[in-house]
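Read the structure below first, then the notes.
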Amino acid sequence: MTLVEVQDLVKHYPGERSWFGLGAPRAAVRAVDGVSFTIASGRTLGLVGESGSGKTSVGRTMLRLQEPTAGKVLFDGNDVFALDAARLRALRRRMQIVFQDPYSSLNPRMTVEATLREPLEIHRLNGAVSALLEEVGLDAAFAKRYPHELSGGQRQRVGIARALSVEPQFIVCDEPVSALDVSVQAQVLNLLADLQAKRRLTYLFIAHDLAVVRHIADDVAVMYLGKIVERAPAAEIYAQPRHPYTTALLSAVPEPNPRATKQRIVLAGDMPSAAHPPAGCPFHPRCPHPMKSDRCRTEVPALRPITTGHLAACHYAQSPMTLADAAHQPLNRPRHQ
Amino acid sequence: MTAPAAPAAPAAPPVLLRVRDLKTYFVTEHGKGTARAVDDVSFDLFPGETLGIVGESGCGKTVTSLSILRLVPEPPGHVLPGSLIEFEGRNLLALSAPELRAVRGNQIAMIFQEPMTSLNPVFTVGDQIAEAAIIHQHLSRRAARARAIEMLRLVGIPDPDERVDDYPHQLSGGMRQRVMIAMALICHPKVLIADEPTTALDVTIQAQILELLDRLQHELGMAVLLITHDLGVVAGHADRVVVMYAGRVVETATTDALFEQPTHPYTEGLLAAVPRIDARRARLHAIPGQVPAATAWPPGCRFHPRCPYAWEKCVAEEPPLLDAGDGAGHAARCWLVTEPERRVPKR
């Protein structure tokens with residue numbers, strides 16, 4: 001059963017005016033440019049992309065932490081963008097967010113207890129702070145502490161406890177482990193998995209780390225310059241990527257195995273600015289696909305099904321680029337030694 | 001304390017940079033005591049090789065790298081007497097300020113994690129790259145500018161003749177890191193210290209920068225000290241690895257040996273905690289607890305409170321770096337080396 005449905009979501013940030021607000025406005029930043037997906041109840045969608053791809057804007061706009069430019073989000077059948085303030089607040093109880101930076105997302109002047117008590121009071125709920133702490137693996141003694149007395153991993157557990165306090169069905173996890181060390185990251189990922197199983201939670205898991213996403217997600221969507229360029233069940237997208245950007249991204253992840261004989265695709269250049277996206281396929285200036293043509297430079301490829309449940313926005317997704325294809329490019333010669 | 005063994009004796013090349021018994025402590029505020037950030041660290045760097053220093057936040061890897069070039073702010077920090085940092089036979093810790101300046105940026109150069117905060121926003125990148133060549137090689141401004149353009153080309157910046165007049169804010173993160181590398185390499189240093197050089201970058205840009213470093217190392221023949229928390233980066237780019245925990249070297253080995261036969265339980269746990277892209281694991285192995293504070297390292301083995309194998313001896317007595325016996329310098333600071341039958345997890 002679908003719990004969350006996003007239809008053609010658009011979020012543009014207006015360009016700032018130059019000359020201290022007197023000059024002509026700059027081009028708007030098209031952070032999210034027509035994104036659609038659904039998440040079934042109890043499942044995890046991993047939303048992957050590099051900085052500036054628009055993944056965080058998707059998460060925040062969905063929860064209406066910022067107003068959308070266009071599009072629709074249905075949560076359990078409710079149109080999130082059409083609700084008045086009172087009903088939005090009621091709905092917020094069911095959808096929560098865990099932020100990336102456990103250092104800046106907790107109020108330094110509130111104890112852990114006060115932080116966890118606040119959402120309960122707003123939503124007039126009864127709940128025990130000690131039970132919440134126990135659920136996220138913290139001793140009840142932490143209730144009296146302030147954020148500066150906690151480590152990064154402990155703070156992130158408090159952030160998770162705060163999200164859980166109102167008993168939501170859906171949690172947007174926005175890079176929840178990327179600020180943590182690897183040993184602590186594993187603790188928090190295991191905790192998120194346990195909580196999902198126990199409380200039947202639905203997650204949108206936003207991350208730049210493809211290995212982390214593989215570990216936690218049922219389905220994966222890859223974003224590039226405000227658009228989803230590929231979406232598929234996790235096992236499928238890692239085994240058989242269809243979009244050349246996904247292929248390159250997967251190949252670029254350093255593997256903790258010195259014997260890995262992985263062919264690496266090193267993409268040239270940087271991601272273009274979302275204020276001035278290229279015409280045609282947004283990826284074409286960096287695309288190493290051997291079939292790249294004039295069509296890529298002029299026509300935006302639609303996100304369309306290639307096989308059942310596997311969508312890709314590439315004109316040549318039927319014949320996906322292989323690592324061997326990319327090896328012919330000058331940048332991707334095998335490493336010396 | 002046993003020194004970490006250098007690669008097998010016979011054909012061992014001369015050591016380029018020898019670090020012995022390095023101790024860098026910090027006096028903390030509010031009288032909380034002394035933070036023993038780097039506590040008796042020893043390793044060797046040989047010409048042309050890449051030595052990875054791996055560890056999590058607070059293990060002392062960055063302070064180690066800063067100590068080499070004496071960049072630790074004093075106070076609150078200080079390198080203790082008895083520490084030795086020997087570069088081509090000279091103890092850097094004993095050099096006068098002008099002598100040290102002749103080494104720093106010239107023969108040993110460094111790049112940092114955050115290229116935006118390490119570049120000066122009010123000078124063009126060309127001026128900043130050229131500065132080292134003017135100081136160390138006494139080039140004229142004009143010649144230094146030409147060298148700067150050449151360096152920008154070497155690090156793969158398109159249109160170097162134009163980019164040389166850009167300010168840092170006009171460049172992307174990946175381009176700024178290339179500028180940092182150009183700055184570090186303009187004097188053709190013998191040692192490059194790269195402290196988390198790709199941590200602030202996206203994965204596709206990280207791949208570009210790592211490939212660039214590999215290529216430049218190959219072309220210029222320098223040794224690289226690669227400091228990182230990322231075991232994947234180490235696996236792909238280091239020849240040998242030093243693993244640090246709680247201010248100590250806990251394991252050292254060739255890269256292949258470290259990944260094939262991690263001997264210290266911390267190394268073993270770290271490898272098991274990394275989510276893998278090549279296979280989905282049902283559950284990640286988490287190391288319980290967290291790194292203790294540098295003002296209060298645990299007695300005995302500093303890892304024992306988090307170790308699944310620890311027994312009485314580990315609490316009572318800290319092990320030295322013990323030779324793991326592969327003949328290639330593999331050593332671990334763990335009593336399991338002498339009592340391997342105890343490698344049975346308690347939990």
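Could you check how many residues of region B:250-288 are hydrophobic (A, V, I, L, M, F, W, C), closer than 16 Å to B:Ala328 by Cβ and more than 9 Å from chain A (Cβ to nearest Cβ)?
Total satisfying the criteria: 2.
Can you work out which of the residues in region B:72-83 that are without any contact (Cβ under 8 Å) to a residue 12 or more places away in the chain and under 16 Å from B:Leu100 (Cβ atoms) is surrounded by the most Cβ atoms within 10 Å (Cβ to Cβ)?
Looking at the filtered set, the residue picked out is B:Glu74.
Conditions (1) assigned to a helix (DSSP H, G or I); (2) within 14 Å of another protein chain (Cβ to nearest Cβ); (3) at pLDDT below 90, marked per residue:
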| residue | (1), (2), (3) |
| --- | --- |
| A:Ala141 | yes, no, yes |
| A:Arg162 | yes, no, no |
| A:Ser178 | no, yes, yes |
| A:Ser183 | yes, yes, yes |
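From the list A:Ala193, A:Ala161, which one is under 22 Å from A:Pro147 (Cβ atoms) and aliphatic (A, V, I, L, M)?
Just a single option satisfies the conditions, and that option is A:Ala161.
Give all pairs with beta carbons closer than 7 Å in which a residue from region B:20-33 that is at pLDDT below 85 meets a residue that is part of a loop (DSSP other than H, G, I, E, B); count only pairs at least 6 apart in sequence or on separate chains.
Going by the 7 Å Cβ cut-off, the qualifying pairs are B:Thr28/B:Thr295; B:Lys32/B:Thr295; B:Gly33/B:Thr295.
Determine whether region A:97-105 contains at least one residue that is among the hydroxyl-bearing types (Ser, Thr, Tyr), out of contact with any Lys or Arg (no Cβ under 7 Å at 6 or more places or on another chain) and loosely packed, with under 14 Cβ neighbours inside 10 Å.
yes
Checking the conditions here, which among A:Leu83, A:Leu106 is in contact with a helix residue (DSSP H, G or I) (Cβ under 9 Å, 6 or more places away or on another chain), touching a residue at least 40 places away in the same chain (Cβ under 8 Å) and hydrophobic (A, V, I, L, M, F, W, C)?
Going through A:Leu83, A:Leu106 in turn, just one is in contact with a helix residue (DSSP H, G or I) (Cβ under 9 Å, 6 or more places away or on another chain), touching a residue at least 40 places away in the same chain (Cβ under 8 Å) and hydrophobic (A, V, I, L, M, F, W, C): A:Leu106.
Look at B:Ala143 and say whether it is small (Gly, Ala, Ser) and at pLDDT 90 or above.
Values: small (Gly, Ala, Ser): yes; at pLDDT 90 or above: yes.
It is true that B:Ala143 is small (Gly, Ala, Ser) and at pLDDT 90 or above.
Could you check region B:184-302 for helices (runs of 4 or more DSSP H) lying wholly inside it with 2 or more residues that are among the charged types (D, E, K, R)? Step through it out loud before you land on a result.
Working: elements: B:203-220, B:231-237, B:255-260, B:265-273.
Fully inside region B:184-302 and qualifying: B:203-220, B:255-260.
For region B:186-200, which residues satisfy the criterion of being surrounded by fewer than 23 Cβ atoms within 10 Å (Cβ to Cβ) and of a type in the set (A, V, I, L, M, F, W, C)?
Selection gives B:Cys187, B:Val191, B:Ala200.
Quickly run through region A:252-299 and pick out the residues that are within 14 Å of another protein chain (Cβ to nearest Cβ), at pLDDT 90 or above and in a helix (DSSP H, G or I).
Passing the criteria: A:Pro285, A:Arg286.
Taking only region B:289-324 into account, find how many residues are within 25 Å of the chain's Cα centre (by Cα) and either within 14 Å of another protein chain (Cβ to nearest Cβ) or small (Gly, Ala, Ser) (or both).
Step one: list which residues in region B:289-324 are within 25 Å of the chain's Cα centre (by Cα), which gives B:289-298, B:301-304, B:306-307, B:318-324.
Within this subset, residues satisfying the condition of being either within 14 Å of another protein chain (Cβ to nearest Cβ) or small (Gly, Ala, Ser) (or both) are B:289-294, B:296, B:303, B:306-307, B:324.
So the answer is 11.
The values are calculated or read from the model by the stated rules, or taken from the named source; none is laboratory data. Keep in mind it's a predicted model, so treat the numbers as computed, not measured. Please note: Cβ atoms are built from the backbone with ideal geometry, for glycine as well, and neighbour counts cover all protein chains shown.
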